[in-house]
Amino acid sequence: MINIISGQKKWGFLFAIVISIALSLGTLSPAFAAVDVTFTTNGAKGNYIPGSSLMVFGKVDNQGIGVPATSTFIEADINGRNIFYGPVKTDGNGYFKTGFNIPISSVVGQTLTITINNNQKQQYVIKDRNQIINDESKNPFDLVGFTAVGYLEGQAAKEILSSTSELGLVFTKNVNYFKNSSAAEELQYIGAIDKNADCFTLYEAGQRVPIYVDLLNSGGDEVIPYTNRVNGNPQYTEAKRLIKIKPVNGLKPDTEYKLYIRKDLVSNSSVPLEKDIVVNYKTASAEKEKIVGGGGAKIPVADETISTSGGRISETGVTIIIPANATKDKIKVTIEKLLEPETLPIAQGSKLVSDVFEILKDKSGDFSKPVTISLNFDKSKVDITKHDLTICYIGEADNNWIPLDNIKIDWDKSVVSGEVSHFTKFAVIVTEKGELGDKGEQINLSDIRDHWAEKNIAELVATGAIAGYPDGTFKPDNTITRAEFSSILVKAFKLETKSGKVFNDTIGHWGKDYISTAAAHGIVSGYSDNAFGPDDSITREQMAVMIVKAAKLSDTLEGKTFADGNKVSAWAQNAVVTTHEKNIISGYPDNTFQPKKNATRAEAATVIIKSLKHVF
């Protein structure tokens with residue numbers, strides 16, 4: 001490759017004369033005639049800025065047959081100033097490729113001209129980043145930004161294992177190979193951006209260490225799994241968006257690493273990164289590495305294929321229900337039981353009360369519909385008056401157990417179930433009620449800071465009437481069930497335990513005694529004599545009725561008229577007016593009450609705290 005830029009124009013001219021003489025003497029293949037030349041450039045929209053990396057990719061053929069080892073003359077100039085000038089030989093199949101950078105000194109608005117064999121031309125206007133953003137995207141980060149968000153193997157508390165063999169850098173754009181989807185089909189995939197491999201440097205405790213940079217020269221159909229560096233969850237990306245960095249001599253435990261990414265790194269759009277980026281990694285200590293992915297040895301439990309029609313896998317201690325169309329293809333599901341669960345992390349005040357199962361599938365990606373996981377638990381290790389029972393999966397980023405969605409407990413069968421969209425390790429965990437803070441103690445829940453209900457949530461948690469989850473969260477915006485709200489009322493109002501109504505659908509339910517006590521105190525009633533709906537989300541009007549009865553509030557017969565007042569059930573109208581007039585339950589800014597809307601945990605905590613002020 002010969003580059004001729006400003007100050008070297010005359011040498012480019014002399015070189016052109018030499019090439020012309022060589023062609024006339026027959027020392028170079030006369031590619032200018034009797035053959036067809038097609039070519040394209042990277043970046044389908046032809047948006048180039050000063051500093052862009054531009055590649056020219058084409059083919060020389062004669063009556064449809066590629067012409068090998070022939071020279072194609074390529075010239076590039078910006079407003080008449082040469083930036084590239086010279087011949088490029090074709091490979092064995094007649095293809096040619098070359099690349100060069102558009103000078104950073106180029107002026108926006110000037111014209112870039114690519115000329116092949118002195119007659120075929122393509123022209124582009126030099127733009128700046130803002131012009132490209134306006135043309136192609138409202139989000140500049142989506143268009144030209146890069147972010148390194150993951151790596152390919154497990155981690156401990158935001159630290160990676162020293163046994164990690166590949167660091168995976170996942171970007172917002174294609175950084176592995178150039179593609180121009182608007183070009184002729186055989187010229188769309190221009191190939192790997194080889195220069196990108198030179199843009200990475202790894203330092204180990206301040207010393208540079210050798211690495212191998214693996215650019216994946218594929219069309220992007222390959223899906224690559226990686227571990228998200230932020231939350232530790234398994235995720236997937238197309239090969240074109242991930243670059244693998246392989247330390248030649250491996251990694252050391254308890255060591256800090258810095259991976260430098262040079263600003264010359266370019267995406268498929270040809271736009272460079274423009275600023276250097278440093279990605280920090282730290283490997284776990286030898287002690288932590290015993291915990292990560294822990295559980296020790298495993299024994300196989302099941303290995304079954306599930307079609308797109310869905311299916312059920314049921315083994316001792318574990319059941320999986322996959323709904324129809326939750327996955328695009330048939331999958332193989334494997335279940336293993338961990339033999340050393342005591343090596344797994346567990347929060348203080350919590351304990352495992354089931355076997356721990358690792359569930360995996362052979363296809364990447366989350367399920368498109370929730371999958372139900374059910375685990376048996378050891379009832380002898382659970383005191384329902386002292387413990388909250390939850391089915392969880394382990395989040396590897398902080399080694400916390402995270403509750404599944406829509407949890408249901410069958411106390412008689414000793415089974416807890418929940419919904420999730422991915423597979424990993426699962427277990428049933430009990431947490432001591434009120435462990436997150438007694439009265440007067442600071443409450444440390446990670447997701448309530450600056451939440452509108454933070455003060456009320458902290459106050460209610462401190463009473464022991466409600467607790468956070470094993471991962472240290474409260475999930476204030478999740479809905480709350482009728483059974484959960486009943487149990488919180490009983491504990492918050494310190495109601496004497498009584499034997500009241502037991503409904504057909506509360507027999508064996510974890511909340512049976514709380515619901516029975518609330519019924520005995522006249523606070524709750526069922527949908528019918530037989531049904532209570534303990535796992536139904538409580539509505540705002542149901543909550544209003546229960547609050548009025550629990551706090552023994554006198555009815556307020558007149559009050560604010562809501563725009564949707566006609567949607568309030570007749571049996572809840574007095575309670576809605578009463579709780580609003582006593583400043584316990586507020587309406588919405590649009591003058592609605594939304595009586596049928598499901599209440600959230602934050603709303604439940606708020607109304608209970610407010611109603612307690614009318615009692616104590």
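The values are calculated or read from the model by the stated rules, or taken from the named source; none is laboratory data. Everything numeric here is computed off the predicted structure, so don't read it as measured data. Quick reminder, even Gly has a Cβ in these numbers, built from the backbone with ideal geometry, and neighbours come from all protein chains shown. Note: areas computed on protein heavy atoms with side chains; ligands, DNA, RNA excluded. Shrake-Rupley method; radii C 1.70, N 1.55, O 1.52, S 1.80 Å.
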Using alpha carbons only, how many angstrom separate the centre of segment 59-82 from the centre of segment 246-273? 34 Å
Amide H contacts under 5 Å for Ser285, placed H, 5+ residues apart: Asp254
Estimated FRET transfer efficiency when R0 is 56 angstrom, pair Thr592-Glu340 (beta carbons, to 0.05): 0.55
Once both label points are put 7 Å beyond Cα along the C-beta direction, the Asn93-Lys413 separation in nm becomes 5.7 nm
Can you list residues whose amide H is under 5 Å from Phe84's amide H, if they're 5+ apart or on another chain and H is modeled 1.01 Å from N? Ile4, Ala76
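May I ask you to compute the full-extension gain from Lys567 to Val125, defined as 0.36 nm times their residue separation minus their alpha-carbon distance, rounded to one decimal in nm?
Working: separation 442, 0.36 × 442 = 159.12 nm, distance 6.11 nm.
Separation in residues times 0.36 nm, less the Cα-Cα distance, equals 153.0 nm.
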Highest first, please rank the peptides 500-508, 541-549 by the mean number of other Cβ atoms sitting within 10 Å of their residues. 541-549, 500-508
³J(HN,Hα) across segment 598-610 via Karplus (A = 6.51, B = -1.76, C = 1.60, θ = phi - 60°), whole Hz, x for Gly/Pro? 6, 7, 9, 4, 5, 5, 4, 4, 5, 5, 5, 4, 5
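Applying 1/(1 + (r/R0)^6) with R0 = 45 Å to the Cβ-Cβ distance of Ser528 and Glu496, what FRET efficiency is obtained, to the nearest 0.05? Before the final figure, lay out the partial values.
Values: r = 27 Å, r/R0 = 0.59.
The calculated FRET efficiency here is 0.95.
When ligands, DNA and RNA are left out and all protein chains stay put, how many square angstrom of accessible area per residue does segment 298-432 have with a 1.4 Å probe? Display every interim value, and only then the final one.
Values: 6240 Å² over 135 residues.
Computed with neighbouring chains in place, this is 46 Å² per residue.
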C-alpha center-to-center spacing [segment 449-465, segment 483-558] in angstrom: 22 Å
Distance in nm between Gln348 and Arg312 label points, each 7 Å along Cα→Cβ, equals 4.3 nm
Can you tell me the length gained on complete extension of the stretch Thr319 to Tyr260, counting 0.36 nm per residue apart and subtracting the Cα distance? 16.6 nm
Kindly list the residues of segment 101-122 that lie in the label zone of Glu274, defined by a backbone N under 18 Å from the point 7 Å along the Cα-to-C-beta vector. 101-110
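Could you sort out which of Lys244/Lys275; Lys549/Lys610; Lys351/Lys597 sit more than 25 Å apart by Cα distance in this structure?
Values: Lys244/Lys275 20 Å; Lys549/Lys610 14 Å; Lys351/Lys597 35 Å.
Among Lys244/Lys275; Lys549/Lys610; Lys351/Lys597, the Cα-Cα distance tops 25 Å for Lys351/Lys597.
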Going by amide H atoms built from the backbone, whose H comes under 5 Å of the H on Thr539, apart from near neighbours? Ala599
Within straight-line cross-link reach of Lys127, aspartates and glutamates at Cα separation under 20 Å, skipping those fewer than 8 residues along the same chain: Asp77, Asp135, Glu136, Asp142, Asp264, Glu274
Under 16 Å between alpha carbons, and skipping anything fewer than 8 positions from Lys246 in its own chain: which lysines qualify? Lys258, Lys282
Label-point separation (nm) for Thr172 and Thr201, each offset 7 Å from Cα along Cα-to-Cβ? 2.6 nm
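Which of Lys494/Lys552; Lys337/Lys381; Lys59/Lys97; Lys552/Lys582; Lys59/Lys89 have a Cα-Cα distance over 18 Å? The partial results should precede the final answer.
Numbers: Lys494/Lys552 14 Å; Lys337/Lys381 20 Å; Lys59/Lys97 9 Å; Lys552/Lys582 12 Å; Lys59/Lys89 10 Å.
Over 18 Å Cα-Cα: Lys337/Lys381.
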How much length is gained if the chain between Lys332 and Ala520 is pulled fully straight, taking 0.36 nm per residue apart and subtracting their Cα-Cα distance, in nm to one decimal? 62.6 nm
Residue by residue through segment 589-596, what is 3J(HN,Hα) from phi via Karplus (6.51 cos²θ - 1.76 cosθ + 1.60, θ = phi - 60°)? Round to whole Hz and write x for glycine and proline. x, 8, 6, 10, 9, 6, x, 8
Per residue of segment 323-337, in order, report the coupling 6.51 cos²θ - 1.76 cosθ + 1.60 (Karplus, θ = phi - 60°) as ³J(HN,Hα) in whole Hz, putting x for Gly and Pro. x, 4, 6, 7, 9, 6, 10, 5, 10, 9, 10, 10, 10, 10, 9
